[in-house]
Structures are given as structure tokens and as C-alpha cells.
Amino acid sequence: MADRNPIFDNEAVKVTLPAEAAAILVVCEHASNAMPAEFDGLGLDEAVRQSHVAWDPGALPIAEQLAEDLGASLIAGAASRLLFDCNRPPEAPDAMPARSEVFDIPGNQNLTEAERAERVSRFHDPFNAAMEVLLDQQDPQLMVTMHSFTATYNGKPREVEIGVLHDSDSRFADAMLACAAKHTDMVVRRNDPYGPENGVTHTLKTHALTRDMQNVMIEIRNDLIRTPEEQAAMAKMMTAWISEAIAACGLQSRGLPTEGGASCQG
């Protein structure tokens, strides 16, 4: 492991670094449902704190395996997104939601400006500082953010199984969707179940588009990744798709193919 910077380990963020600078950065903003004791679980019972409203179940094990297989760095959120959603700007209403889907969040209701500012300082700022430091140090060519989503939302089942999301730069998403079309019968869709209009591409816009870094956001329906075996199988499939898309896009990453395929540079 490389020498560690203390900015990479705190209550807001955990960073895993390979031995050498990586060409790929994997991000998992909603990796944890942890809440410091002083927040008293935001007034929620254990079932809600374990549910998808508090984090993205199954996303972190897949992100960890992707990072290992791709020789990538990994930035993972270390606190529940209900305290602060690190894939949102501080001014977004759902950065500290008073209600999430069908659940009221008592500890987020009637927050004062000072309380909101403290959340930003404790969770948003350290997460984004770690992102900026790592990006400056390693200058990766590709950012992959990993998420999961609930199979039923507001009582309605979702047909989509894997979402491949992007903002204004669709180069890598296009390549991944082409891979999916060749290799799976699963329901894979562009910008579904969410898209840029829902505010979910904040990390891509803030940290990838500003650096002209190719990028993609992956959403996996969480009923497909409940067990370690399902997570391992999904990670293997995602690694294969990403590797093929890397080759198609002409990107370079140690240990991965870089020849063949159509160019993603246009």
C-alpha cells in the first residue's frame, strides 16, 4: 500500500489505494449506513437504518471487487447518506432529506442553518476533499461510481435490473451499453431508474466532467445482489464490461486490454 494521507480515513470517507497510481477511480458514495452515536440513529428504527433509504445495500462489496480486479483506487462514503448524501450538493433538498421515499426522517426535520452547515462540514467537505486530493495525485482516466437501487419504489416494482447512467459525457456509458447488448439478457437501460434530471450525477459533474475524465454511474437493483455469491458474480460481470469498454474507448489501465473496438474519443 502507498503511504496514506490522513485525509483519506475519517468519519466521512474511506479510501483504498493500490500500490501504484491508478488509471481508474471507483467511487461508492452510499457505501455505509453508519451514524455517529450523537445522531441517535436520526430517530429511525433498525429496520429503516438497514434499508435502502440509509445506504446502497450490496454496492460496497461490488465496488471493492471492481477496484481489486481493475487495479483501481476506491473512495467510499463512511457515513449514512441520510446524514449527508455525498452525491448531492449542500443546497439540494435531498442532501439531508426530511423524508425519503415512504419514510419520515425525524432527525432531519426542522434542521437549523447551523445544523445543516455542521453536516456539510463533517460529511460533504471531507468526502470531496479526499476526492480532490486523490484526483490531483493520480490523474485517473476513468471514474466509475457504483450504486444499488430498490426493486420496489413507492409501491411500484421496477423492471430495469441495471442502469448505466451519464450526464453530458456519454462516451463510456455508450461503450458499456454496447457491451451489455452483446453479453446479457438482463434489462439494462440508459439513465434508468434515475437520470441527470434527478440530480444523481452530481459526483460525475463535479469531479469527472470538470477534468474531462471519462465516467459512468452504475445502478444495480439490490434484489440481485443480496448474497456474497450474487455480489461476486455481479462484480465479475461488471469487471468484464468495464474492461471491454476501456478497450473500446482507447483508455489504458495496467493489466487490462487496450486494443480493438471502436473509439470512444468522438
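The values are calculated or read from the model by the stated rules, or taken from the named source; none is laboratory data. It should be emphasised that the depicted structure is a prediction, and the values quoted were computed from it without experimental measurement. When we count neighbours, we look across all protein chains shown, and the Cβ atoms used for this are built from the backbone with ideal geometry, even at glycine.
What about residue 192, is it more than 11 Å from residue 166 (Cβ to Cβ), over 13 Å from the mean Cα position of the chain (by Cα) and surrounded by 17 or more Cβ atoms within 10 Å (Cβ to Cβ)?
yes
Got at least one residue in segment 222-245 being surrounded by fewer than 19 Cβ atoms within 10 Å (Cβ to Cβ), at pLDDT below 95 and charged (D, E, K, R)?
No; the residues of segment 222-245 include none that is surrounded by fewer than 19 Cβ atoms within 10 Å (Cβ to Cβ), at pLDDT below 95 and charged (D, E, K, R).
Can you report the number of residues in segment 12-29 which are assigned to a loop (DSSP other than H, G, I, E, B) and either surrounded by 24 or more Cβ atoms within 10 Å (Cβ to Cβ) or out of contact with any Phe, Trp or Tyr (no Cβ under 8 Å at 6 or more places or on another chain) (or both)?
Counting residues in segment 12-29 that are assigned to a loop (DSSP other than H, G, I, E, B) and either surrounded by 24 or more Cβ atoms within 10 Å (Cβ to Cβ) or out of contact with any Phe, Trp or Tyr (no Cβ under 8 Å at 6 or more places or on another chain) (or both) gives 7.
Please list, ordered by first then second residue, the pairs with beta carbon atoms under 8 Å, 6 or more apart or interchain, first in segment 103-114 and in contact (Cβ under 8 Å) with a residue 24 or more places away in the chain, second part of a strand (DSSP E or B) and not polar (S, T, N, Q).
Pairs found: 105/99.
Please identify the pairs in which a residue from segment 233-244 that is on the phi > 0 side of the Ramachandran plot has its Cβ atom under 7 Å from the Cβ atom of a residue that is crowded, with 21+ Cβ neighbours inside 10 Å, counting only partners at least 6 apart or on another chain.
Taking only residues 6 or more apart or on different chains, not a single pair turns up.
Looking at 176, 146, which one is among the hydrophobic types (A, V, I, L, M, F, W, C) and out of contact with any Cys (no Cβ under 7 Å at 6 or more places or on another chain)?
Checking each option against the conditions leaves just 176.
Within segment 82-89, can one find any residue that is at pLDDT 95 or above and surrounded by fewer than 20 Cβ atoms within 10 Å (Cβ to Cβ)? Quick ask: steps written out before the conclusion?
Going residue by residue through segment 82-89, those that are at pLDDT 95 or above are 82-89.
With surrounded by fewer than 20 Cβ atoms within 10 Å (Cβ to Cβ) added as a condition, the list becomes 89.
Yes, segment 82-89 contains a residue that is at pLDDT 95 or above and surrounded by fewer than 20 Cβ atoms within 10 Å (Cβ to Cβ).
Mind checking which residues of segment 45-81 are crowded, with 24+ Cβ neighbours inside 10 Å and more than 20 Å from residue 26 (Cα to Cα)?
54
Looking only at segment 168-188, decide whether some residue is without any contact (Cβ under 8 Å) to a residue 60 or more places away in the chain, touching a helix residue (DSSP H, G or I) at 6+ places or on another chain (Cβ under 8 Å), part of a loop (DSSP other than H, G, I, E, B) and closer than 14 Å to residue 144 by Cα.
Scanning segment 168-188 turns up at least one residue that is without any contact (Cβ under 8 Å) to a residue 60 or more places away in the chain, touching a helix residue (DSSP H, G or I) at 6+ places or on another chain (Cβ under 8 Å), part of a loop (DSSP other than H, G, I, E, B) and closer than 14 Å to residue 144 by Cα.
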